[in-house]
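The values are calculated or read from the model by the stated rules, or taken from the named source; none is laboratory data. Because the structure is predicted, anything quoted here is derived from the model rather than measured. No Cβ is skipped: glycine too gets one built from the backbone with ideal geometry, and neighbour counts run over all protein chains shown.
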Amino acid sequence: MASMASVVILVLLIPCAALAHRLDEYLQAARISIEADRVLVELNLTPGADVADGVFETIDLDRNGAISPSEGDSYANRVVNSLSLSIDGQAHRLKLDDYTMPALAEMQSGEGIIRLRASSPIGLAAPGRHQLRFANPHRTDISEYLVNALVPSDERIHINGQSRDTLQRQIRLDYTVSPGYKKSSVLAALAPLFGLAMVTVLFVCRRAAQ
Amino acid sequence: MKRFSTISILIAVAALAGLIAAPRSPKPQQAAGAASARIVDAANAFLGMLSAAERAKAAFSFDNPQRTNWSNLPSGIYQRNSLRLGDLSAAKRASALALVAAALSTDGYRKVTDIMNGDEVLRGAGGGQTGGRPGAPGRGGGGGVMFGKDEYYIALLGTPSNSTPWMIQFGGHHLAINVTLAGRDNVLTPSLPAAQPARYTLNGQTIRPLGKENDKAFALMATLNAEQRKQAILTYRVSDLVLGPGEDGKTIQPEGILATALNANQQAMLLDLAHEWVGILNDEGATARMAEIRSNLQRTYFAWSGATENGGLAYFRIQGPTVLIEYAPQQGDLDHIHTIYRDPTNDYGARLVAR
């Protein structure tokens, strides 16, 4: 009876005519940030209107027409765990940092975006040439993929080459880590010294005042 | 005396900290140019016509989150929270559009009206193959997706001024125009001109809102030799915008052929292609932005994915220090095009406001 009610609710929530732009594809857009000691991956998943119900069913495991926090956690972790990342041939496990799930109606409109953020510590990169490989095998049956590297915010890291498969499920990034510190690192290192100097001045002044 | 010294030092430290930590409020800019003055006049004329209720919907503070509340999506899926053209009298609507026209070039305003008229055609066609189909509830809760010229919205962020920063936001389905003004200078980034249908007939004339963008890009491709094509053409399929709505503040690693590997004629064609987006803005603003793009040509890339013969499906991207332009047909549909124009250094006038 309960399952029947869920079906009725689900049917009522399904638009009488699907709408929006992307229809029968699951768009998966990944962006990779390489930092000195970790890799960040943002993954935006947008099910098209015609595949939204199928995707939703894989998230809404109890079929009650809503995504509970545990169902959201479970799906987000499943997706992140399916991603593969390696640096210089050594595998690194990506860990889910946070995610947001759209409302069911948004997903059914074909414009609801599931946003995942994951990261992996990779140890402090040694100066020299490195190679990152990333692959996203999630739902290859219905998906379109985009994968891009963001320009590294760390001035020591330079991406020298990019290579993808035709469908953008995989990417290889060749990058170089330069020795030395970037300016912001120097400033960051000097900031505590500046603070210490100020505290010392205040201390001396107070002692002098007593 | 010693206590006085201590207090003085504390005040100095606090003042220094305050200077560092203080939020950057809009600073007065240099004197306005002719275009900016014209736009301010048009904005004040528009605001002067509005009722208090209408004004409350149209006017926001400069730093209001409304700034990033734009999309390519139609009403019913996306809630714009500003003043809807369809809710305005004919005179007020004309004044709103006069303000948009004042902010844009003649060609730019024509492109905007071509996109809006296209949406009216889409409304008549019931939504299009890869567009929306009316009848479903959306996030806006308005009872379904709505198309047509009534479904465009206008907002003003900040006070129209010849000296302090403010912004005009105009958009709806397949259109987002964000013009930030600061004194004599102004920028259009980020903006999203798109089209569905990409070709339609109106009053006996064939209209292609993004036709020049398409044709100029294919014309440039046609001039590339084999070695240049090898550098320009990406070896993978690109099915959508990489930095579309909601992707502010990101810079992707550039790809494609560097403009320095193009000959002078090809470089001119590339700049002319970029001008199709940059030139939507009024001539004064567009001239300044084009000068920046031209001066950074040695660090500008042109990337291509897809067919190289006009009439085929192709994605392309122009990326340089102050420009990112993407052109992406949607789901293999030549009649449904999304594009984006960004400036990584100056979206929402960031660089102008910081001056």
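Somewhere in the range B:276-293, is a residue farther than 23 Å from residue B:250 by Cα, within 14 Å of chain A (Cβ to nearest Cβ) and surrounded by fewer than 23 Cβ atoms within 10 Å (Cβ to Cβ)? No, the conditions are met nowhere in the range B:276-293. For the range A:88-115, a residue qualifies if it is over 15 Å from residue A:26 (Cα atoms) and in a strand (DSSP E or B), and the qualifying residues are A:90, A:91, A:92, A:95, A:96, A:97, A:98, A:99, A:100. Counted as qualifying within the range B:244-342 are the strands (runs of 3 or more DSSP E) with 2 or more residues that are charged (D, E, K, R) and either touching a Gly at 6+ places or on another chain (Cβ under 9 Å) or closer than 24 Å to residue B:180 by Cβ (or both), namely B:333-342.
The criterion of being away from chain A (no Cβ under 14 Å), closer than 30 Å to residue A:24 by Cβ and at pLDDT below 95 holds for residue B:334. The set of residues from the range A:133-173 being part of a strand (DSSP E or B), of a type in the set (S, T, N, Q) and more than 7 Å from every other protein chain (Cβ to nearest Cβ) comprises A:143, A:160, A:163, A:170.
Got at least one residue in the range B:289-300 being within 19 Å of residue B:242 (Cα to Cα) and modelled with pLDDT of 95 or more? Checked the range B:289-300: at least one residue is within 19 Å of residue B:242 (Cα to Cα) and modelled with pLDDT of 95 or more. Within the range B:301-312, is there a residue that is within 14 Å of chain A (Cβ to nearest Cβ), under 24 Å from the mean Cα position of the chain (by Cα) and not hydroxyl-bearing (Ser, Thr, Tyr)? Looking for residues that are within 14 Å of chain A (Cβ to nearest Cβ), under 24 Å from the mean Cα position of the chain (by Cα) and not hydroxyl-bearing (Ser, Thr, Tyr), one finds at least one in the range B:301-312, hence yes.
List the pairs whose first member sits in the range B:224-245 and is more than 9 Å from chain A (Cβ to nearest Cβ), whose second member is surrounded by fewer than 21 Cβ atoms within 10 Å (Cβ to Cβ) and of a type in the set (D, E, K, R), and whose Cβ atoms are under 6 Å apart, counting only residues at least 6 apart or on separate chains? Filtered contacts from the range B:224-245: no entries.
Yes or no, residue by residue, for (1) modelled with pLDDT of 95 or more; (2) in a helix (DSSP H, G or I); (3) surrounded by fewer than 24 Cβ atoms within 10 Å (Cβ to Cβ); (4) not small (Gly, Ala, Ser):
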position	(1), (2), (3), (4)
B:91	yes, yes, yes, no
B:97	yes, yes, yes, yes
B:101	yes, yes, yes, no
B:128	no, no, yes, no
B:137	no, no, yes, yes
B:143	no, no, yes, no
B:155	yes, no, yes, no
B:161	yes, no, yes, no
B:171	yes, no, no, no
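Of all residues assigned to the range A:72-88, at least one qualifies as being more than 19 Å from the chain's Cα centre (by Cα), away from chain B (no Cβ under 14 Å) and surrounded by fewer than 17 Cβ atoms within 10 Å (Cβ to Cβ).
The set of residues in the range A:100-141 being among the aliphatic types (A, V, I, L, M) and surrounded by fewer than 16 Cβ atoms within 10 Å (Cβ to Cβ) consists of A:103, A:124, A:126.
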